[in-house]
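Reviewing the structure listed below.
The values are calculated or read from the model by the stated rules, or taken from the named source; none is laboratory data. Everything quoted here is computed from the prediction, not taken from an experiment. Cβ placement follows ideal geometry from the backbone for every residue including glycine, while neighbour counts extend to all protein chains displayed. Surface accessibility is based on the protein's heavy atoms, side chains included, excluding ligands, DNA and RNA. Shrake-Rupley method; radii C 1.70, N 1.55, O 1.52, S 1.80 Å.
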Amino acid sequence: MAIDSLEAIQAGGTTQWIRLRGADASNPVLLLIQQGPGLPMINEARRFGHLLGLEQAFTVVYWDQRGCGRSLRGRQDRAGISVERMAADTVSLLEFLRDRFGGKTYVAGFSFGGTVGASAAAQRPDLVATLVAVGMDIDGAAAGVGAYDFALAVARQRGHRRATRQLEAIGPPPHLTSKKFVTRVRWATNFGGVTTGETYATLARGLVASLVRSPDYSAADVIRTVRGISATQAALLPELASMDLARTLPRLEVPVVMVQGRHDQVAPGAAAQRYAGSLQAPGKRLVWFDNSAHTPHLEEPGKFRDLLIAVRARQLAGSTKT
């Protein structure tokens, strides 16, 4: 890597951390915004580098957002957390990257990260080359109902008494506490709605293992990260439950590529299709990943890499395709 550095930036009155990695400093910059809320990103540098190899075409920025990972050193780092505040942090980071490297930044946001990236692009389109939104959170009410109904239906069909009992106990959405939200996500994950071939437990173990193996986290960082996930989730759940991007972000002044897994049960494909149809943007495209659920970049990494290379080469059509 010609560039491989861990750096601190200032955003919204807090110190936040990024890792920059790239094979050629002349390549354009790609900012990755993690799914969540509350999940770190710097710990993914090794896995993403192995699976996707994006550092050969971009200078890749792995960012631990406000309230998570290395950027969570105290309670003040999570104070007042909101989508608006996180979008403002993203703008600050994009300004830093423009000043550091020149030009606009490509932004790839995963799930909630796609929502944050879209909000930042709406504020400062002059900083964003293209937004790639993967399994983006679009319609909070529809997402909650869809994930809950899916998990409960599969639990009953399979005669899974524990899952059925827990899901019936929390009742239908909205699920505005971390405990209820995690119950819904756990069973939707275990039944294949998040990452095909993974369970909630295997994903959790993978997260902890990646933190422990990463040279960028101390033992205290790992503990703070794991403990902080539920608190950050709880702070953002009311906003997520009522989210409606078709109403709040009907227009973006940047090209948008939406990536959607066919088997995604936590960010409904129907919502993505509706938003792709209504969104006003200078260029837009909806790309389906037929063998993926909520994490197409991990489930079909070769196809995702090729898509980003095509975006970089500006080879995507300027109209929505479904």
Based on the Cα atoms of region 170-238, what semi-axes does the equivalent ellipsoid have, where each is the square root of 5 times one gyration tensor eigenvalue, given in whole Å with the largest first? 24, 17, 7
In nm, to one decimal, how far is the residue 95 label point from the residue 288 one, both placed 7 Å along Cα→Cβ? 4.2 nm
Residues of the chain: accessible area per residue at 1.4 Å, in Å²? 41 Å²
Using just the Cα positions, wrap region 237-322 in a convex hull and report its mean projected area in square nanometres, one decimal place. 5.9 nm²
Any idea what Rg and Dmax come out to for the chain if you just take the C-alpha atoms, in Å? 18.5, 57
Point-to-point label distance, residue 169-residue 303, nm (Cα→Cβ direction, 7 Å offset): 3.8 nm
What are the residues whose amide H is under 5 Å from the amide H of residue 105, where those residues sit 5 or more places off or on another chain and H is modelled from the backbone? 128, 129
Name the long-range amide H neighbours of residue 258: under 5 Å, sequence gap of 5 or more, or other chain; modelled H, no Pro or chain starts. 133, 285, 286, 287
Starting from the Cα of residue 46, step 7 Å along the direction of its Cβ; do the same at residue 1; then give the gap between the two resulting points in nm. 1.2 nm
Pick from 137, 221, 99: which is most flexible by mean-square fluctuation in a GNM of the chain where alpha carbon atoms under 10 Å apart are linked? 99
Dipole moment magnitude, nearest 20 debye, region 80-223 about Cα centre, only Lys, Arg, Asp, Glu C-beta charged: 720 debye
Mind checking which aspartates and glutamates have their Cα closer than 14 Å to the Cα of residue 104? Skip sequence neighbours fewer than 8 apart in that chain. 95, 126, 253
Put 284, 179 in order of accessible area, largest first, 1.4 Å probe: what do you get? 179, 284
If the convex hull of the alpha-carbon atoms of region 132-223 is projected onto planes in all directions, what is the mean projected area in square nanometres? 7.7 nm²
Please find the FRET efficiency linking residue 262 to residue 201, where r is the Cβ-Cβ separation and R0 is fixed at 25 Å, and quote it to the nearest 0.05. 0.55
Options 22, 249, 122, ranked by Cα towards positive dipole end of the chain, top entry (Cβ charges): 249
Protein accessible area in the chain, 1.4 Å probe - carbon and sulfur %: 50 percent
Grab the beta carbon distance between residue 158 and residue 82, set R0 = 45 Å, and tell me the FRET efficiency rounded to 0.05. 0.75
Just by accessible area at a 1.4 angstrom probe, what is the order of 309, 229, 42 from largest to smallest? 309, 229, 42
Most fluctuating of 96, 58, 110 in the GNM of the chain (C-alpha, under 10 Å) is 96
For region 14-21, just list the computed ³J(HN,Hα) in residue order, Karplus coefficients 6.51, -1.76 and 1.60, θ = phi - 60°, integers in Hz, with x standing in for Gly and Pro. 10, 8, 10, 10, 9, 10, 9, 9
